[in-house]
Amino acid sequence: MPATTQAMKLLRLSPKVLTAGAKASGSGGVAVSALEMAQNSIRYNWTRSEVDEKLRQIMGSIYDASAAAAAEYGLGEDLIAGNDIAAFKKISEAMIAQGL
């Protein structure tokens, strides 16, 4: 659920609450849409458990990248900042690979 700026400050300061930001949370929906497009493209239907496993792998990778970026930049367990950094790095690497 969306949270106010004040609520987000409280959540991010609490060491007992791991909070995923909007980018990481929204990635789940984007990933499911991508999986659906892949199924349509190859004209194959995965079972519900296969889709669930693929989504778990994708979201696990997002968590791992977010946690690693937060640790690399000394941000503790701030997954929101870590996800922002990881996303920026991934996009910038893709842009460089495209010669932009």
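The values are calculated or read from the model by the stated rules, or taken from the named source; none is laboratory data. The structure displayed is predicted, hence computed values, not measured ones. Cβ coordinates were reconstructed from backbone atoms using ideal geometry, including for glycine residues, and neighbour counts include every protein chain displayed. Surface accessibility is based on the protein's heavy atoms, side chains included, excluding ligands, DNA and RNA. Shrake-Rupley method; radii C 1.70, N 1.55, O 1.52, S 1.80 Å.
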- For the chain, the longest principal axis of the Cα atoms and the Cα long axis of helix 22-42 enclose an angle in degrees, to the nearest 10, of 10
- Message: Charges at C-beta only: +1 for Lys and Arg, -1 for Asp and Glu. How large is the resulting dipole of region 1-86 about its Cα centre, in Debye rounded to 20?
- Response: 220
- Task: Counting other Cβ atoms within 10 Å, keep those with at most 10, restrict to DSSP loop, and tell me which trypsin sites (Lys or Arg not before Pro) in region 2-100 are left.
- Result: Lys16, Arg43
- Mean accessible area per residue over the chain (1.4 angstrom probe, all protein chains present, square angstrom) is 76
- Message: Please give me, ordered by residue number, the chymotrypsin sites (Phe, Trp or Tyr not before Pro) of region 1-90 that lie in loop per DSSP and have at most 13 other Cβ atoms within 10 Å.
- Response: Tyr44, Tyr73
- Message: Placing +1 on the Cβ of each Lys and Arg and -1 on the Cβ of each Asp and Glu in the chain, which of Gly29, Asn45, Ala94 has its Cα farthest towards the positive end of the resulting dipole?
- Response: Gly29
- Task: Pairs of Cα atoms under 8 Å, at least six residues apart: use those to get the relative contact order of the chain, whole percent.
- Result: 26
- For semi-axes √(5λ) of the Cα gyration tensor in Å, with candidates (1) 28, 19, 12; (2) 18, 17, 12; (3) 21, 13, 12, the value calculated from the shown model is option (1)
- Keeping the other protein chains in place, figure out the carbon and sulfur percent of the accessible area of the chain, with a 1.4 Å probe. 61
- Among Ala69, Ala34, Ala24, which one shows the biggest mean-square fluctuation in a GNM of the chain, springs joining Cα atoms closer than 10 Å? Ala34
